[in-house]
């Protein structure tokens, strides 16, 4: 329901950024040749549609909101890959590697502008409130991304070190903001009461932190064929992630060996990367990250159960939560 409308709106942009956007969405190859399938799971679209239905509206009420969030999500990925220097996304060259940094920035800007155009033109009485919600949540996303980049410059230990709590607050902004926005926009465009909109937004934000925790684990131990990312990529860049920070905070001998390894000068070679990953696990970082993911999923469930929702779509929302983060229960 959402993707045909999304393709039509992206296709109405200037042909060059439209091609780059199509590449980022997984709809075409570099050069514009159509490609079967698409990138991603459409999670934000599903959240928006299900939250509209849970609020008692037909799914169609959420299409513009679903499109807007998907557009700004893809915008954020285009720019994030540039900021982080990530050369691949989903087993293909990142858009900036395929087209160049400047063109990829331009494509992201075009998607950002289109998102607000779509939402501002949404029929019904709630378009203005929806635009304000998206604006606020995008500001949160920027705050989170700023903190994430600044974390990279801070030491691993000592007074300036990044604490686990600070990392989780960053993740709620950087990753949780758009998932919360998707849920809120679906309910808002459905005309749900403010308490329901806020509860669904909070559920989405908790889901975002759970997703980030699992994503951090996959960044250390995931299969590159599945994740589309190089193994140990975050460690290689000495990026602050939840398993590493939790391991350092554990205060066990493995924590101290890990801190010494990460604080050393020069790049980490493959043997050192494997050793660091082993020390993170030995210090309990992997288990702590997965426990945090499960706790956040429980909070999201509590939010959904705390407000009156239509039973069938509410049940599908509850089923969607663990799927988003790849958890079995």
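For this structure, a couple of remarks:
Okay, residues lined up against (1) within 26 Å of residue 143 (Cα to Cα); (2) surrounded by fewer than 24 Cβ atoms within 10 Å (Cβ to Cβ); (3) in contact (Cβ under 8 Å) with a residue 40 or more places away in the chain:
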residue	(1), (2), (3)
30	no, yes, yes
42	yes, yes, yes
48	yes, no, yes
107	yes, no, yes
116	yes, yes, yes
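- Exactly one residue among 93, 34, 103, 58 is more than 20 Å from residue 146 (Cα to Cα) and in contact with a helix residue (DSSP H, G or I) (Cβ under 7 Å, 6 or more places away or on another chain), and that residue is 103.
- Considering 158, 128, 102, the condition of being exposed (fewer than 13 other Cβ atoms within 10 Å of the Cβ), free of Cβ contacts under 8 Å to residues at least 12 places away in the same chain and not in a helix (DSSP H, G or I) is satisfied by 158 alone.
- Region 161-173, residues that are in a helix (DSSP H, G or I), surrounded by 14 or more Cβ atoms within 10 Å (Cβ to Cβ) and either more than 15 Å from the chain's Cα centre (by Cα) or modelled with pLDDT under 95 (or both): 164, 166
- Test: residue 19 is assigned to a helix (DSSP H, G or I) and more than 21 Å from the chain's Cα centre (by Cα): yes
- Residue match in region 58-71 (condition: in a helix (DSSP H, G or I), modelled with pLDDT of 95 or more, farther than 30 Å from residue 312 by Cα and out of contact with any strand residue (DSSP E or B) (no Cβ under 6 Å at 6 or more places or on another chain)): no
- Number of positions in region 248-261 that are under 28 Å from the mean Cα position of the chain (by Cα) and not in a helix (DSSP H, G or I): 1
- Criterion: free of Cβ contacts under 8 Å to residues at least 40 places away in the same chain, assigned to a helix (DSSP H, G or I) and either touching a strand residue (DSSP E or B) at 6+ places or on another chain (Cβ under 7 Å) or surrounded by 14 or more Cβ atoms within 10 Å (Cβ to Cβ) (or both) - qualifying residue of 304, 318, 273, 245: 318
The values are calculated or read from the model by the stated rules, or taken from the named source; none is laboratory data. The structure presented is a predicted model; accordingly, all values stated were derived computationally and were not measured. Quick reminder, even Gly has a Cβ in these numbers, built from the backbone with ideal geometry, and neighbours come from all protein chains shown.
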